[in-house]
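Working notes, structure below.
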Amino acid sequence: MVPDDVRKEILAKVREFHALAHGDCPFEAGKTRIPYAGRVYDERDMQEMVNAVLDFWLTLGPYGDAFEEKLKSFLGVSEVILVNSGSSANLVAVSALCSKEIENHLRPGDEVITPAVTFPTTVAPLVQNNLVPVFVDCELGTYNLDASLLDEAVSERTRAVFLAHTLGNPCDMDAIMDFARKHELFVIEDVCDALGSRYDNTAVGTFGDLGTLSFYPAHHITTGEGGAVVTNDERLARVARSVRDWGRECYCTHRTRNPHGECGRRFEFEIRGMSGNYDHRYVYSNIGYNLKPTDIQAALGCAQMEKLLKFIEARKRNFGQLHAGLEEFEEFLMLPTWSEKAEVAWFAYPITVREAAPFLRKELLLWLEEGLIQTRLLFAGNILRQPGYRDIPHRVAGRLTNSDLVMRNSFFIGVYPGLREEHIAYVIDRFGKFFRRL
């Protein structure tokens, strides 16, 4: 048994190392890069990860349990299934709805309404499960799925809506959920950009059947790589865990010490067409994968959750300062909009160069980047313009005019908690200098 004081000494050294190697760097305007996003961490994050390493529980374990409980409490859901990325969360969510264990499950050829302005891994699971995405245009300003187009998109094959809350900005969940209930559709919410956002005082990700999260370093909290599926449906949660865990039927956890499993019947299961019994841990009821994160990642997630509310407030503050500073340039720029019912935990600040502007988006982006201000385009833009998605089976409802405009003229800049007032002031000043040159 290793004495506790040895562990305490190691963790004290980690704190000392963090102070020496990872302290804040001074900001120098025009010399310090301003990222669009990034991980924000302290000695507590590093200590928890080292603590997990010392326990050497490499696969998902006790820290995973704790992280799931913290997420349940924060979101107000009954089920959280940790996975190794937000992309995997989307794959698990869609695949769970395709499972034969789910009543009225999705089948190949079924249609799923989804926005054309999107991140690729919102669409990829639909393609991989032989579903047909039905693309609708976005709203300018929110860049979310235009809910007014849903009635035009529905058909006798429509079975689900898969939406994303773009850059943290909640969709019109009143209209979307009314539509889904009317047509008896499943709803998946991609909340990878929107942890902490609320619509009508309800956390996004909890309106539909399933929600998905990402803990990539750019997002609201990070575990390096990582993500989660959330739901209030126990059956969906069990199937989602099965898909995540190789497709196996057994739901025993690492806490189980009973050799007969949590069900008490581990060695009493039968396989159709085979005589005798089979170990339930090796019964596979779904097509699945190994998409689990490690306990080391979950340890970081636990520490990050302690800072999440402060992170959200910093994002809101940075967004507000940027918005106030850029309003004078609305002659040239379309600035973001949001619903009165939305409380937005912003991922980033979206901007669209107006069609009548006397400059191209490229000119403004180069000006910002040369000033060491990172920019990013609005993900894939119109996904159907992307080489890998041009020829997928799909249907388009109406025209994708706004989606094409976004692809030509939109971009975003950062509001993440690592930015301070001096960073934001420099960004606004850099925009001003660009427009004074026109």
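The values are calculated or read from the model by the stated rules, or taken from the named source; none is laboratory data. Predicted model only: the values in this text are computed from it and were never measured. For neighbour counting, all protein chains shown are included, and Cβ atoms are generated from backbone atoms with ideal geometry for every residue, glycine included.
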Segment 278-321 - residue that is among the charged types (D, E, K, R) and at pLDDT below 95 and, of those, farthest from SER197 (Cα to Cα): ASP279
All positions within segment 197-231 that are buried (at least 20 other Cβ atoms within 10 Å of the Cβ) and small (Gly, Ala, Ser): SER197, ALA203, GLY205, GLY208, GLY211, SER214, GLY226, GLY227, ALA228
Restricting segment 134-159 to residues that are within 19 Å of the chain's Cα centre (by Cα) and touching a residue at least 40 places away in the same chain (Cβ under 8 Å), the residue that is surrounded by the most Cβ atoms within 10 Å (Cβ to Cβ): CYS138
Residue count, segment 106-125 (criterion: within 19 Å of ASP193 (Cβ to Cβ) and without any contact (Cβ under 8 Å) to a residue 40 or more places away in the chain): 3
The lone exception for TYR349 - which of (1) surrounded by 18 or more Cβ atoms within 10 Å (Cβ to Cβ); (2) touching a Pro at 6+ places or on another chain (Cβ under 9 Å); (3) assigned to a loop (DSSP other than H, G, I, E, B) it fails: (3)
Filter result for LEU377 (among the aliphatic types (A, V, I, L, M), in the same structural domain as VAL117 (by TED's automatic domain parsing), touching a Phe, Trp or Tyr at 6+ places or on another chain (Cβ under 9 Å) and within 30 Å of VAL134 (Cβ to Cβ)): yes
Residue, nearest to LEU236 (Cα to Cα), within segment 97-112, restricted to residues that are surrounded by 19 or more Cβ atoms within 10 Å (Cβ to Cβ) and touching a strand residue (DSSP E or B) at 6+ places or on another chain (Cβ under 7 Å): LEU97
Any hit, segment 411-430, residues being surrounded by fewer than 19 Cβ atoms within 10 Å (Cβ to Cβ) and among the β-branched types (Val, Ile, Thr): yes
Residue tally, condition closer than 18 Å to LEU185 by Cα and either out of contact with any helix residue (DSSP H, G or I) (no Cβ under 6 Å at 6 or more places or on another chain) or of a type in the set (S, T, N, Q) (or both), over segment 67-101: 7
Criterion (among the hydrophobic types (A, V, I, L, M, F, W, C), farther than 30 Å from ILE81 by Cβ and surrounded by fewer than 18 Cβ atoms within 10 Å (Cβ to Cβ)) met by exactly one of PHE267, PHE359: PHE359
Qualifying residue in segment 283-305 (condition: in contact with a His (Cβ under 7 Å, 6 or more places away or on another chain), closer than 22 Å to HIS219 by Cβ and assigned by TED's automatic domain parsing to the domain that holds ASN129): no
Lone unmet requirement of (1) in contact with a Pro (Cβ under 8 Å, 6 or more places away or on another chain); (2) at pLDDT below 95; (3) not aromatic (Phe, Trp, Tyr) for VAL83: (2)
Residue satisfying condition, being modelled with pLDDT of 95 or more, within 26 Å of THR222 (Cβ to Cβ) and polar (S, T, N, Q), within set GLN386, GLN374: GLN374
Selection within segment 210-242 - touching a strand residue (DSSP E or B) at 6+ places or on another chain (Cβ under 9 Å), part of a helix (DSSP H, G or I) and of a type outside the set (Gly, Ala, Ser): GLU234, LEU236, ARG238, ARG241
In segment 394-421, residue farthest from GLY381 (Cα to Cα) [restricted to those that are within 23 Å of the chain's Cα centre (by Cα) and part of a strand (DSSP E or B)]: GLY414
Which listed residue is assigned to a loop (DSSP other than H, G, I, E, B) and of a type in the set (D, E, K, R), from ARG315, ARG272: ARG272
